Amino acid sequence: MNFRKSQPVRLVIADDHPIFRDGLRRLLEAEADFKVLGEASDGAEAVKLVRHLKPDILLLDLAMPKHPGLEALRDLSAPGNVTQVRVILLTAAAEKAQIVEALQLGARGIVLKDSATQLLLKAIQTVMAGEYWVGRESVSNLVQYLRTLMQSSHDEARQRKFGLTPRELEIVSAVVAGFSNKEIAEYFKISEDTVKHHLSNIFDKLGVSTRLELALFAVNQSLPLKSIN
């Protein structure tokens, strides 16, 4: 541990559930090494408290309704912000893409809310010692960890097809390539009505309503598109 017991770790807790905040405060203040300076119920309030109280650690809930954890993290990592706070995100569940974004925005730790008490305490101590903590373990080589996470996240996205059939994926590929309904019908040797039927099913499955939205969805979600010439 890189901090002296005579100087407890100073924390701010940000979570929109009062009962969870109260429980976390009691848990931390039962330890001689920790001192809770304040509590916030949303991300904007958390940013204000951090700037005013200058804590060592901000325990920040990822999923707050008004101003979520990632938004607060963006505020704290904005150019010109001189705060030295180390942010540990608290989350019930986090997708790899969220973890990657949080770490890229400067988070030093991500702790699952169902973790044992000792894991949270260990995470705080690890972050105070200059390391990173993700999930249930410390991370010493952040760059390599991020590379691995980003690759696996991309691979998973490519495998997700959102319930689209092989033919529907071909239709999406043609739409992204800029084909009209008539051109799609000619390319795949099917009728225009069949193309329209496929597009209607695709729109329903993906929750989009225009060809532009469909193309943007396909690119953003890294759908496994085929090359259409």
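The values are calculated or read from the model by the stated rules, or taken from the named source; none is laboratory data. Just so it is clear, the model here is predicted, and its values are computed rather than measured. Positions of Cβ are generated from backbone atoms using ideal geometry, with glycine treated the same way; all protein chains shown enter the neighbour counts.
Quick check, is K182 over 30 Å from A94 (Cβ atoms), assigned to a loop (DSSP other than H, G, I, E, B) and either modelled with pLDDT under 90 or charged (D, E, K, R) (or both)?
Working: over 30 Å from A94 (Cβ atoms): yes; assigned to a loop (DSSP other than H, G, I, E, B): no; either modelled with pLDDT under 90 or charged (D, E, K, R) (or both): yes.
The answer is no for K182.
Can you spot a residue in the range 58-71 that is out of contact with any helix residue (DSSP H, G or I) (no Cβ under 6 Å at 6 or more places or on another chain) and modelled with pLDDT of 95 or more?
yes
So in the range 152-168, with the set limited to residues that are more than 27 Å from the chain's Cα centre (by Cα) and within 20 Å of G207 (Cβ to Cβ), which one is modelled with the lowest pLDDT? Steps first, answer last, please.
Within the range 152-168, the first condition is being more than 27 Å from the chain's Cα centre (by Cα), and the residues that meet it are 165-168.
Now drop any that are not within 20 Å of G207 (Cβ to Cβ), which leaves 165, 167-168.
Values: T165: 89, R167: 92, E168: 92.
Top of the filtered list is T165.
Quick one: count up the residues across the range 116-128 that are surrounded by 12 or more Cβ atoms within 10 Å (Cβ to Cβ) and more than 20 Å from L73 (Cβ to Cβ). Please lay out each step first, then the result.
Pass one, the range 116-128, residues surrounded by 12 or more Cβ atoms within 10 Å (Cβ to Cβ): 117, 119-128.
Filter once more, so that each one left must be more than 20 Å from L73 (Cβ to Cβ): 117, 119, 121-122, 125.
Residues flagged as surrounded by 12 or more Cβ atoms within 10 Å (Cβ to Cβ) and more than 20 Å from L73 (Cβ to Cβ) within the range 116-128 amount to 5.
Looking at this structure, is L27 touching a residue at least 60 places away in the same chain (Cβ under 8 Å) and of a type in the set (A, V, I, L, M)? Write out each step before concluding.
Working: touching a residue at least 60 places away in the same chain (Cβ under 8 Å): yes; of a type in the set (A, V, I, L, M): yes.
So L27 fits the description; yes.
Go through the range 123-151 and report how many residues are modelled with pLDDT under 90 and at positive phi. Steps first, answer last, please.
Kept after step one, since they are modelled with pLDDT under 90, are these residues of the range 123-151: 135-151.
Filter again for at positive phi, leaving 135.
Going through the range 123-151 one residue at a time, the tally reaches 1.
Inspect the range 157-167 for any residue being farther than 23 Å from E95 by Cβ, part of a helix (DSSP H, G or I) and not assigned by TED's automatic domain parsing to the domain that holds A97 and give the result as yes or no. Walk me through it before giving the result.
Looking only at the range 157-167, we keep the residues that are farther than 23 Å from E95 by Cβ, and these are 165-167.
Within this subset, residues satisfying the condition of being part of a helix (DSSP H, G or I) are 166-167.
Those still in the list that are not assigned by TED's automatic domain parsing to the domain that holds A97 too: 166-167.
Yes, because at least one residue in the range 157-167 is farther than 23 Å from E95 by Cβ, part of a helix (DSSP H, G or I) and not assigned by TED's automatic domain parsing to the domain that holds A97.
Only residues that are crowded, with 16+ Cβ neighbours inside 10 Å and either in contact with an Asp or Glu (Cβ under 7 Å, 6 or more places away or on another chain) or within 18 Å of I228 (Cβ to Cβ) (or both): list them for the range 202-216, please.
Across the range 202-216, the qualifying residues are I202, R211, L214, A215.
Can you tell me how many residues within the range 185-229 are farther than 12 Å from V175 by Cα, among the small types (G, A, S) and without any contact (Cβ under 8 Å) to a residue 60 or more places away in the chain?
Total satisfying the criteria: 4.
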